[in-house]
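S.K.: Before I ask anything, let me first share the structure, which is written out below as structure tokens.
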Amino acid sequence: MHTDDSLLNQFNHHFEKINEALGKTFSSRIPLMNNIGNHSLLGEGKRLRPLLFVLSSELCGYKGTDIYKLSTIFEYIHTASLLHDDVLDNADLRRKKPSANHLWGSSAAVLSGDYFYSMASAMAVDCKNFQFLKMLTDTTLRMTEGQIMELSHTHNWHIKKEEYMEIIISKTAILISSTCACAAIVAGAEKQVVEDLEEFGMDLGIAFQLMDDILDYISCEEEFGKPVGKDLKEGKITLPLIYTLSNLEETEIERLEDQFKNQKANDEDYRKMISIVRNDGVLEKIRSEAKEYIDKASRILNSFPESQVKESLLALNAYMITRQF
Ligand code: FPP
Ligand code: MG
């Protein structure tokens with residue numbers, strides 16, 4: 001697959017200001033919290049959500065001076081959710097580094113997730129914008145629902161595509177969607193513009209997670225920053241596997257479910273299953289579905305006049321299906 005992570009270089013000036021704002025907003029009088037913050041929040045991270053917020057607000061004509069600080073709200077929520085997610089998944093690796101739960105234990109990871117989420121809420125309250133606040137609380141509620149749905153479907157080899165889509169929309173796309181919509185809200189945009197940005201973020205967010213689930217089958221750990229085949233190991237039946245299973249006999253699905261669910265599978269069985277998915281043609285099919293979401297997102301921006309920032313958003317949108325990590 002074609003790699004195009006250099007595409008993000010054009011946003012380096014934004015990344016610097018986002019990182020500066022994160023550095024300014026984050027500090028704790030508690031040494032443990034500072035250590036986890038330096039590791040999980042200030043360390044690695046693509047900063048895609050803050051970048052989307054900055055670009056979307058500019059597209060909507062934001063005139064204030066707080067945009068980078070406000071953009072960090074979405075990185076705080078994202079980081080909080082990953083800290084919790086890694087505890088749920090018992091994951092040892094995140095963003096190419098040992099996870100916080102691996103280094104400091106689950107209790108510290110959960111509490112620091114709570115801390116970051118509370119910081120995001122405090123900063124959002126400071127905005128004194130009820131619509132903004134409402135969107136954020138609706139978003140975190142929905143993200144939590146997404147995780148609960150995902151948990152309910154762990155090791156469910158009969159999960160339907162519709163159920164999978166509901167999970168990825170809730171756990172991932174909704175935050176990206178509200179990032180874009182909130183940017184329009186703080187810019188004082190009209191209702192239709194807020195809705196357009198919400199839909200733009202939703203389509204881009206769906207494409208993002210579809211690609212994440214493809215990369216889980218094909219990337220390498222050094223690039224992706226987390227182990228390949230992690231979803232299957234965690235009992236997460238994502239779209240690549242759902243499509244592959246749709247070509248198998250029911251008895252074979254039952255056999256595989258029993259094998260992987262009840263710890264009867266060894267490393268070779270995992271390798272084989274991953275290779276079946278890789279060679280089934282389903283990954284290309286999903287990639288073209290992701291492309292359809294990207295194209296739909298691009299079309300939404302047609303209603304905005306031509307500008308440099310619109311080009312930037314279109315480039316970032318296109319990046320979602322070429323990214324390698
Ligand atoms: C990673 O997905 C996890 C998420 C996108 C969402 C996690 C959400 C919560 C824990 C609930 C909300 C929590 C807060 C604090 C608002 P993934 O498991 O597919 O990705 P991965 O492979 O990188 O772990
Ligand atoms: Mg996870």
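The values are calculated or read from the model by the stated rules, or taken from the named source; none is laboratory data. Remember, it's a predicted structure, so these values are computed and weren't measured experimentally. Note that each Cβ is placed from the backbone with ideal geometry, even for glycine, and that neighbours are counted across all protein chains shown.
S.K.: Given the criterion more than 16 Å from ligand 2 (Cβ to nearest atom), polar (S, T, N, Q) and closer than 28 Å to Tyr319 by Cα, identify the matching residue among Ser275, Ser246, Ser219.
M.R.: Working: Ser246 fails: closer than 28 Å to Tyr319 by Cα; Ser219 fails: more than 16 Å from ligand 2 (Cβ to nearest atom).
Every option except Ser275 fails the conditions.
S.K.: Right, next: Among residues belonging to the range 143-185 that are crowded, with 16+ Cβ neighbours inside 10 Å and hydroxyl-bearing (Ser, Thr, Tyr), point out the one that is nearest to Lys236 (Cα to Cα).
M.R.: Result: Tyr164.
S.K.: State whether the residues of the range 110-121 include one that is in contact with a strand residue (DSSP E or B) (Cβ under 8 Å, 6 or more places away or on another chain) and surrounded by fewer than 18 Cβ atoms within 10 Å (Cβ to Cβ).
M.R.: Keep residues of the range 110-121 that are in contact with a strand residue (DSSP E or B) (Cβ under 8 Å, 6 or more places away or on another chain), which gives none.
No, the conditions are met nowhere in the range 110-121.
S.K.: Now for a separate question. Kindly list the number of the only condition in (1) modelled with pLDDT under 95; (2) assigned to a helix (DSSP H, G or I); (3) within 16 Å of ligand 2 (Cβ to nearest atom) that fails for Leu82.
M.R.: (1)
S.K.: Same structure, new question: Those residues that are more than 9 Å from ligand 1 (Cβ to nearest atom) and aliphatic (A, V, I, L, M), I need them from the range 60-85; list them, please.
M.R.: Within the range 60-85, Ile67, Leu70, Ile73 qualify.
S.K.: Could you give me the residue pairs with C-beta distances under 6 Å whose first residue belongs to the range 89-105 and is outside any helix (DSSP H, G or I) and of a type in the set (Ser, Thr, Tyr), whose second residue is within 13 Å of ligand 2 (Cβ to nearest atom) and modelled with pLDDT of 90 or more wherever it lies, and which are 6+ apart or on separate chains?
M.R.: These pairs meet every condition: Ser99/Asp86; Ser99/Ala91; Ser99/Asp92.
S.K.: Could you list, in sequence order, all residues of the range 106-129 that are of a type in the set (A, V, I, L, M, F, W, C) and either in contact (Cβ under 8 Å) with a residue 24 or more places away in the chain or more than 21 Å from Thr72 (Cα to Cα) (or both)?
M.R.: As a first pass, look at the range 106-129 and keep what is of a type in the set (A, V, I, L, M, F, W, C): 108-111, 116, 119-120, 122-125, 127.
Within the range 106-129, Ala108, Ala109, Val110, Phe116, Met119, Ala120, Met123, Ala124, Cys127 qualify.
S.K.: Could you list all residues from the range 299-325 that are crowded, with 16+ Cβ neighbours inside 10 Å and among the hydroxyl-bearing types (Ser, Thr, Tyr)?
M.R.: Listed by number, the residues that qualify are Ser312, Tyr319.
S.K.: Continuing with this model, one more query. Consider Gly188 carefully, then state whether it is within 13 Å of ligand 1 (Cβ to nearest atom) and either surrounded by fewer than 20 Cβ atoms within 10 Å (Cβ to Cβ) or over 15 Å from the mean Cα position of the chain (by Cα) (or both).
M.R.: Against the criterion (within 13 Å of ligand 1 (Cβ to nearest atom) and either surrounded by fewer than 20 Cβ atoms within 10 Å (Cβ to Cβ) or over 15 Å from the mean Cα position of the chain (by Cα) (or both)), Gly188 does not qualify.
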